[in-house]
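Enquirer: What follows is a structure written as structure tokens; I'll ask about it next.
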Amino acid sequence: MRIITVFFVWFCVSISACATGNAPVSDEDTAYGLKQALTQSAEVAVDKLGVENGFLQNPKVKIPLPGSLQKVEGLMRTLGMSKYADGLIVTMNRAAEAAAAEAEPLLVDAVQEMSVGDAKAILTGGNDAATQYFRNTTSEALTQKFLPIVKNATDKAGLAKKYNEFAGKGAKFGLVAERNANIENYVTQKTLDGLYLMMAEEERAIRNDPMGQGSKLLQQVFGSVK
């Protein structure tokens, strides 16, 4: 009778744990679930940004002229040169959209190479721990991939030379940061920033509402750390 009672109690506790999402999650399931989340974050970010107006009409990531050049932009508009300023801004954002569209394969590769240890550290990290992992592991490769795409887009528009000459002079006098004195470098960096920002937002959404995710594994993995 005692054995039956103990078994019944164990059975009830097990059912309760499963019902509340507190069942233990293996390291392998943790890694797999996190990889699902990261792949989802990458896909969402690319889908949002790698399309026409993905950057240009999103105030969170729209690429402006570098801060020091915005003063010149105001003067240009005052002098009736708004068309030039607008054209440069549109070109920069179109280049970013074209580059972002090519990011997904590299981001997914980074997910697949993630170790179980990486996954556990990310799971218990901050709201953007996964995004920071991506930043650390993909920035260099994405920069190399983005640069020729951005250069091609700005060259076609015929604005790169004018920007680089103008910003280059500003850099000599300390008015423009050296890394912003070249339009390709500036747009590439802003493209990366926008991409990681969108990924961080998706990651935060998954962490804040794991039960709202379609994947039961995501619910279980992220629910375990809520």
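Enquirer: Report the calculated FRET efficiency for Asp109 and Arg204 (r = Cβ-Cβ distance, R0 = 22 Å), to the nearest 0.05.
Expert: About 0.40, to the nearest 0.05.
Enquirer: Of the accessible area of the stretch 88-141, with the probe set at 1.4 angstrom, what percent is carbon plus sulfur?
Expert: 49
Enquirer: If you don't mind, there's one more thing I want to ask. Using 0.36 nm per residue of separation minus the Cα-Cα distance, give me the extension gain between Leu197 and Glu52 in nm, one decimal.
Expert: My answer for the length gained is 50.4 nm.
Enquirer: Considering only protein heavy atoms, with the full assembly of protein chains and a 1.4 angstrom probe, order Ser41, Ser139 by accessible area, largest first.
Expert: Sorted descending by solvent-accessible area, the residues read Ser139, Ser41.
Enquirer: Along Cα→Cβ, 7 Å out, is where each label goes; now give me the distance between the ones at Tyr32 and Glu102 in nm to one decimal.
Expert: 3.5
The values are calculated or read from the model by the stated rules, or taken from the named source; none is laboratory data. What you see is a predicted model; the values in this text were computed from it and never measured. All Cβ positions, even for glycine, are placed from backbone atoms using ideal geometry, and neighbour counts span all protein chains on display. We work out accessible area using only protein heavy atoms, side chains counted, and drop any ligands, DNA or RNA first. Shrake-Rupley method; radii C 1.70, N 1.55, O 1.52, S 1.80 Å.
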